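Only one structure is covered here, and it is reproduced in the block below.
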Amino acid sequence: METKNIMIVGVGGQGSLLASKLLGRLLLTRGYDIKVSEVHGMSQRGGSVVTYVRFGSKVYSPIIDKGEADFIVSFELLEAARYTQYLRKGGKIVTNTQRINPMPVITGAARYPDDPVSEMRAAGIDVDAFDALSLAEQAGSPRAVNLVLMGHLSNSFDFTPEEWDAAIEQSVPAAYLALNRRAFALGRNA
Amino acid sequence: MKTLMLGNVAAARGLYEAGCSFVSSYPGTPSTEITESAAQYPEIYAEWAPNEKVAMEAAFGASLAGRRSFCGMKHVGLNVAADPLFTISYTGVNAGMVIAVADDAGMHSSQNEQDSRHYARASKIPMLEPSDAAESLDYAKRAYAISEQFDTPVLLKMCTRVAHSQSLVETQPRVEPEQKPYEKTPQKYIMMPGYAKLRHPVVEARTRALTAFAETTDLNRVEQGSDRSVGFIADSTAYQYVKEAFGDRYPVLKLGLVWPMPEEKLRTFAASVDRLIVAEELDGFIESHCRDLGLAVEGKSLFSPIGELSQNTVAAALGRQTAEGPKLETPIPVRPPVMCAGCPHRGLFYTLKKLKLTVIGDIGCYTLGAAAPLGAIDSVICMGASVSGIHGFNKASGGASEGKTVAVIGDSTFMHSGMTGLVNIAYNDSKSTVIILDNSITGMTGHQQNPTTGKNLKGDPAARIDLESLCRAIGIRRVRVVDPYDLAAVETAVREELAADEASVIISRRPCALLKYVKHKKPILADADKCRKCGMCMRIGCPAISMTEHGVQIDATLCTGCGVCGQLCKFGALAPQEEG
C-alpha cells in the first residue's frame with residue numbers, strides 16, 4: 001500500500017500529541033508500518049506545532065514533506081493556512097475554525113487574515129472547516145477539541161467505529177473516557 | 001508483538017535489555033526522554049545530575065565499579081562533558097558504558113546546530129547512529145557489547161527526528177550481567193602523564209581494531225539497487241530520506257557505525273557505482289573522510305550544511321522536483337513560542353525592560369524574555385553564561401555598567417553551571433546583580449526535577465539545595481527573595497540591589513504555572529467599558545490578553561489570574577475575580 005500522510009497542526013498546548021497517539025494505536029491494529037514524528041521542547045510553548053503521521057506497507061522518512069499530505073488536520077485556522085504547501089494534489093484540510101492570535105498579531109506587528117477558509121478554497125483546496133471548539137465544549141471540555149477533530153477525520157477512513165473506540169480507550173485516561181467518546185461522536189456527526 | 005515507540009523510549013528499552021543498571025544525565029531536548037524512560041524500569045538506578053560533566057563522570061564511576069552504565073545529553077551538553085569524554089577514551093571501561101548525544105539539526109529547541117560526530121573522531125571513541133526507533137533499541141544494546149569488547153565508552157548519536165519519532169519495535173527480555181569485579185589498575189585508570197603516555201598507543205590500536213570491525217559489521221550494510229549510475233552513502237535520518245526518495249533504485253551504503261569508518265568497504269562501494277553521493281545532515285563528516293581516502297565524492301555541493309534534510313531535498317539533488325500544494329497569497333503571520341499565560345518570568349522581564357537595563361541572559365524558558373514585546377534580553381550563549389558574562393561585562397566597563405546591568409538565570413541552570421560564575425563574582429569582586437528565576441522546576445525540557453526542588457528523578461523526596469544559603473556561602477551578602485507577580489516589589493528589589501555597592505542576588509521565586517500542584521486563581525475579568533485602549537497591558541506579551549476595537553479581552557481558557565496585567569492598568573479594566 002502506498003504511504004498515507006496525515007499532518008496534525010496547531011498551537012503548542014492544544015493537545016495534538018493525544019491525536020497522534022490515538023492514530024498510532026488505531027493504525028497498529030491493522031498491521032501497517034507506521035511513523036509518527038512529534039515536536040518537543042521550545043515550540044510547545046504556544047508556538048506553531050506539527051505532528052506527522054505516516055502509514056503504509058513500508059514507511060522510511062519520519063516526516064511529511066511539501067506536496068505529500070493526504071490530510072492536514074488543524075486545531076486552529078491560521079495554522080491550517082500556514083501549511084497548505086504540504087498538501088498533495090487531491091489532499092484535504094480538516095480544520096477547526098477557532099482563531100488564536102499569535103504574538104505578532106497581539107502586538108499589532110502583523111494581521112490575522114480575514115477569511116482564511118475562503119482564501120484556501122479560492123486556491124483550489126478542499127477545506128472542511130467547522131467549529132470543533134463548540135462541539136468540544138458541548139461534550140464537556142474545550143480540551144476535547146482533539147477528539148472532535150479525530151471524530152470528524154474518521155469519516156474519511158474505513159476503520160470501523162469499534163476500531164476507533166478501542167483506540168480511544170487505549171489512549172485516554174479512564175476518568176476522561178466518557179467525555180472523549182462524546183467528543184469523538186460529535187465530531188464524527190458534524 | 002510490535003509496538004510503536006518513540007526513538008528515545010526505544011533507546012531506553014535497549015539500555016534496559018542490555019542490563020544497564022546505572023543512568024545519570026542532565027535533561028536537554030531532544031535527549032530527555034531516554035533518561036525519563038529508563039527511570040521507569042525498577043532494575044535501573046536513574047538520576048538527574050546537576051550537569052552533563054557530573055553525569056558522565058558518575059556513569060564512568062559506575063562502569064569502574066563493574067556495572068553497565070549510561071549518560072545522555074543534548075549536543076551542547078557534550079561540550080560541557082567534553083573534559084571527561086576525552087580522557088575516559090584513554091582509560092576505557094570496566095563494565096560497558098554508553099553515552100547518548102542528541103543533535104538538533106534545524107534547531108527546533110537549541111542555540112546552535114553543532115554536528116556531534118566530530119566528537120567521536122576527536123576523542124577517538126566509536127559512535128553508533130540509529131535511523132529509527134528499532135535501531136535505537138538495537139544499537140543501544142550493541143553499544144554495550146562493543147564497549148566491553150573493545151574496552152571503550154561508546155557514543156550513541158541521536159537526532160531530533162530519530163529521538164522524537166515513533167516507529168515499530170520488538171522488545172526482548174533483559175539480560176542481567178554479573179557485576180564485574182573492580183580491580184585496582186593504576187596504569188589503566190590513573191591518567192597522569194606516565195600512565196597516559198602508555199594508554200595513548202592503546203587508544204590508537206583500538207581505533208585500528210574498530211576500523212577492522214567497521215569493515216565486517218552489519219551495522220554498515222550495503223543495500224543493492226537496480227541503477228548503479230548513482231550510489232549513496234548515508235547515516236542516521238538521511239538514510240531514511242534517501243530510501244523515501246528513491247526506494248530500491250540506487251545502491252545505498254548505510255553507516256550505522258559512523259566512527260571509525262571502514263576503508264575497504266567505502267572503496268569497494270565507490271568502485272561499484274558511477275557517481276558517489278554522501279547524504280548527511282550538517283557537516284560533510286563522511287564526505288571529508290571519503291576525500292581523505294582519495295575517493296571522488298559529492299555531498300555538500302548538493303546538500304546544505306544548514307538545517308535538516310528531507311525526502312524532497314534529497315530528490316532535488318538528483319533534479320527531481322516534488323509538486324507542492326498551493327501557497328496562499330495572504331501573508332501568514334509567524335507564530336513563535338511565547339511565555340505561557342501566568343508565567344512567573346513575565347512580570348520580572350517587564351520590570352527589567354521598564355528600567356532599561358542591559359540583561360545578560362541564559363538558557364531556559366526565560367530565554368523567551370528576548371521576544372517581542374518584552375525584548376528584555378541582550379545576550380544568550382550557553383548554560384551558565386549569564387553569571388560569568390555579567391562579571392566580565394561589568395569589569396570591562398570599569399564598573400560603569402554595574403548599576404544598569406543584570407544577569408538572569410533559572411534555578412536548574414544556576415545549579416548546572418551558574419554557581420561557579422557566582423563564585424567568580426564573589427572572589428574577583430564585581431558588584432554584579434544576578435537574578436535567579438526560581439520556578440521550582442526545569443521548565444523548558446518538560447518539568448524535570450533538579451537539586452533545588454526537593455525531589456529526585458523518580459519523584460521521591462530528596463535533599464533540597466537552599467539557594468539563599470548557597471549564595472551566602474559563596475560570599476554574596478545581599479541575597480533577597482521577591483514574588484515576580486508583585487511588580488512593585490520586583491522593581492524595588494531590582495533598584496535597591498543595583499544601587500548597592502556590592503554584589504547581590506535576587507531570587508525571583510514562584511513555581512511554573514504549568515506545574516500540576518500550582519493552583520490558579522479565577523481568570524481576570526476584562527471590563528471593556530473601563531478600557532481606554534492605552535495598550536499598557538499589551539506590553540507584557542501575555543497570550544491571554546488581546547485588544548479589540550471594543551477594548552481589552554481576556555481568554556478565560558488561558559488566563560491563570562496572576563494579576564500582573566491588572567497592576568499595569570490605570571483604569572481598573574482588568575480586575576481579579578473574588579476567590580471562593
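Some values worked out for this structure:
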| item | result |
| --- | --- |
| Considering residues of the stretch A:24-51 that are of a type in the set (A, V, I, L, M, F, W, C) and more than 10 Å from every other protein chain (Cβ to nearest Cβ) only, the residue farthest from B:Val169 (Cα to Cα) | A:Val50 |
| Residue count for the stretch A:68-98, restricted to those that are within 10 Å of chain B (Cβ to nearest Cβ), in a loop (DSSP other than H, G, I, E, B) and open to solvent by 10 Å² or more (accessible area, probe 1.4 Å) | 2 |
| Residues being in contact (Cβ under 8 Å) with a residue 60 or more places away in the chain, open to solvent by 30 Å² or more (accessible area, probe 1.4 Å) and over 30 Å from the mean Cα position of the chain (by Cα) - total across the stretch B:202-253 | 3 |
| Check on A:Val127, within 13 Å of A:Val73 (Cα to Cα) and part of a helix (DSSP H, G or I) | no |
| Scope the stretch A:59-79; condition farther than 20 Å from A:Arg143 by Cβ and touching a residue at least 40 places away in the same chain (Cβ under 8 Å); matching residues | A:Val59, A:Ile64, A:Glu68, A:Ala69, A:Asp70, A:Phe71, A:Ile72 |
| Residue count for the stretch A:99-124, restricted to those that are assigned to a helix (DSSP H, G or I), more than 7 Å from chain B (Cβ to nearest Cβ) and β-branched (Val, Ile, Thr) | 1 |
| Search result, residues across the stretch A:1-23 that are modelled with pLDDT under 95, away from chain B (no Cβ under 11 Å) and not in a helix (DSSP H, G or I) | A:Met1, A:Glu2, A:Gly15 |
| Condition met for B:Gly14 (within 14 Å of another protein chain (Cβ to nearest Cβ) and either open to solvent by less than 10 Å² (accessible area, probe 1.4 Å) or under 16 Å from the mean Cα position of the chain (by Cα) (or both)) | no |
| All strands (runs of 3 or more DSSP E) inside the stretch B:448-556 with 2 or more residues being more than 28 Å from B:Ala573 (Cβ to Cβ) | B:478-482, B:504-509 |
| Residue list for the stretch B:538-562, filter: open to solvent by less than 60 Å² (accessible area, probe 1.4 Å) and more than 9 Å from chain A (Cβ to nearest Cβ) | B:Ile540, B:Ala544, B:Thr548, B:Gly551, B:Val552, B:Ile554, B:Cys559, B:Thr560, B:Gly561, B:Cys562 |
| Selection from the stretch B:17-35 of residues that are part of a helix (DSSP H, G or I) and surrounded by 23 or more Cβ atoms within 10 Å (Cβ to Cβ) | B:Thr32, B:Glu33, B:Ile34, B:Thr35 |
| The stretch B:459-498: number of residues that are within 28 Å of B:Gln448 (Cβ to Cβ), charged (D, E, K, R) and open to solvent by 70 Å² or more (accessible area, probe 1.4 Å) | 3 |
| So B:Ser109, is it within 13 Å of chain A (Cβ to nearest Cβ) and in contact with a Pro (Cβ under 9 Å, 6 or more places away or on another chain) | yes |
| Contacts under 8 angstrom Cβ, first residue in the stretch B:468-496 being at positive phi, partner at pLDDT 95 or above and β-branched (Val, Ile, Thr), 6 or more apart | B:Gly475/B:Val423 |
| Those helices (runs of 4 or more DSSP H) lying entirely in the stretch B:279-363 with at least 2 residues more than 31 Å from the chain's Cα centre (by Cα), in contact (Cβ under 8 Å) with a residue 24 or more places away in the chain and within 14 Å of chain A (Cβ to nearest Cβ) | none |
| Residue that is surrounded by the fewest Cβ atoms within 10 Å (Cβ to Cβ) [pool: residues in the stretch B:83-139 that are part of a helix (DSSP H, G or I) and hydroxyl-bearing (Ser, Thr, Tyr)] | B:Thr87 |
| Test: residue in the stretch B:389-402 that is within 25 Å of B:Ser110 (Cβ to Cβ) and of a type in the set (S, T, N, Q) | no |
| Qualifying positions in the stretch B:282-332 - surrounded by 21 or more Cβ atoms within 10 Å (Cβ to Cβ), more than 30 Å from A:Ala123 (Cα to Cα), touching a strand residue (DSSP E or B) at 6+ places or on another chain (Cβ under 7 Å) and not aliphatic (A, V, I, L, M) | B:Glu287, B:Cys290, B:Gly299, B:Phe303 |
| Considering residues of the stretch B:419-455 that are away from chain A (no Cβ under 14 Å) and among the small types (Gly, Ala, Ser) only, the residue surrounded by the fewest Cβ atoms within 10 Å (Cβ to Cβ) | B:Gly454 |
| Yes/no for A:Val145 being surrounded by 16 or more Cβ atoms within 10 Å (Cβ to Cβ), modelled with pLDDT under 95 and either touching a Pro at 6+ places or on another chain (Cβ under 8 Å) or more than 7 Å from chain B (Cβ to nearest Cβ) (or both) | no |
| Members of the stretch B:376-418 found to be assigned to a loop (DSSP other than H, G, I, E, B) and not hydrophobic (A, V, I, L, M, F, W, C), listed by number | B:Asp378, B:Gly384, B:Ser397, B:Gly398, B:Gly399, B:Ser401 |
| Qualifying positions in the stretch B:64-82 - part of a helix (DSSP H, G or I) and over 27 Å from B:Pro193 (Cα atoms) | B:His75, B:Val76, B:Gly77 |
| Of residues in the stretch A:52-67 being at the interface with chain B (Cβ under 7 Å from one of its Cβ atoms) and either small (Gly, Ala, Ser) or within 21 Å of B:Ala163 (Cβ to Cβ) (or both), the one most open to solvent (accessible area, probe 1.4 Å) | A:Tyr60 |
| In the stretch B:254-278, residue nearest to B:Ala120 (Cα to Cα) [restricted to those that are open to solvent by less than 30 Å² (accessible area, probe 1.4 Å) and outside any strand (DSSP E or B)] | B:Pro260 |
| A:Gln170 vs. criteria farther than 29 Å from B:Glu329 by Cα, in contact (Cβ under 8 Å) with a residue 40 or more places away in the chain and within 14 Å of another protein chain (Cβ to nearest Cβ) | yes |
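Condition check ((1) within 26 Å of B:Ser440 (Cβ to Cβ); (2) charged (D, E, K, R); (3) at pLDDT 95 or above) across all residues:
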{"site": "B:Pro484", "(1), (2), (3)": "yes, no, yes"}
{"site": "B:Glu491", "(1), (2), (3)": "yes, yes, yes"}
{"site": "B:Glu502", "(1), (2), (3)": "no, yes, yes"}
{"site": "B:Arg509", "(1), (2), (3)": "yes, yes, yes"}
{"site": "B:Ala528", "(1), (2), (3)": "no, no, no"}
{"site": "B:Arg532", "(1), (2), (3)": "no, yes, yes"}
{"site": "B:Ala544", "(1), (2), (3)": "yes, no, no"}
{"site": "B:Lys570", "(1), (2), (3)": "no, yes, yes"}
{"site": "B:Pro576", "(1), (2), (3)": "yes, no, no"}
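The values are calculated or read from the model by the stated rules, or taken from the named source; none is laboratory data. Computed from a predicted structure; not experimentally measured. So basically every Cβ, Gly included, is an ideal-geometry build from the backbone, and we count neighbours across all protein chains shown. What goes into the accessible areas is simple: the full protein's heavy atoms, side chains included, and nothing from ligands, DNA or RNA. Shrake-Rupley method; radii C 1.70, N 1.55, O 1.52, S 1.80 Å.
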